[in-house]
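J.: If you scroll down you'll find the structure; I have some questions about it.
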Amino acid sequence: MPLLEEKIYTIPEISDRLKLDRHIITGLFKDERGVIVYGNCETVKRRRKYRSFRVPESVLVRVLARITNR
């Protein structure tokens with residue numbers, strides 16, 4: 001499915017849907033292929049990273065299938 005036609009989720013949306021902490025969800029998706037990450041990805045002078053994640057529905061389905069089949 002083309003990216004522009006696909007539903008895109010934020011980390012809080014996924015967190016609410018799965019009833020899991022946002023930090024757990026971020027850990028699941030931070031290195032996942034297909035996730036859109038923007039913002040400051042590197043720490044500068046001891047400041048924390050400011051990143052926003054957007055997760056396409058196909059990536060969400062793929063990750064959920066992987067973690068439920070463990």
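The values are calculated or read from the model by the stated rules, or taken from the named source; none is laboratory data. Since we're looking at a predicted model, the values are computed, not measured. As a convention, Cβ positions derive from the backbone with ideal geometry for all residues, glycine included, and neighbour counts pool all protein chains shown. Side chains are part of the model used for accessible areas, which takes the heavy atoms of the whole protein and leaves out ligands, DNA and RNA. Shrake-Rupley method; radii C 1.70, N 1.55, O 1.52, S 1.80 Å.
J.: Here is a list: Glu57, Glu6. Which entry is touching a Lys or Arg at 6+ places or on another chain (Cβ under 7 Å), modelled with pLDDT of 90 or more, acidic (Asp, Glu) and open to solvent by less than 70 Å² (accessible area, probe 1.4 Å)? Can you show your working first?
T.: Numbers: Glu6 fails: touching a Lys or Arg at 6+ places or on another chain (Cβ under 7 Å).
Of the residues listed, the single one that is touching a Lys or Arg at 6+ places or on another chain (Cβ under 7 Å), modelled with pLDDT of 90 or more, acidic (Asp, Glu) and open to solvent by less than 70 Å² (accessible area, probe 1.4 Å) is Glu57.
J.: Could you identify the single residue in Val37, Val61 that is out of contact with any Gly (no Cβ under 9 Å at 6 or more places or on another chain), part of a helix (DSSP H, G or I) and closer than 14 Å to Ile8 by Cα? Don't jump to the end; show me each part of the working.
T.: On the way: Val37 fails: part of a helix (DSSP H, G or I).
Being out of contact with any Gly (no Cβ under 9 Å at 6 or more places or on another chain), part of a helix (DSSP H, G or I) and closer than 14 Å to Ile8 by Cα holds for just one of Val37, Val61, which is Val61.
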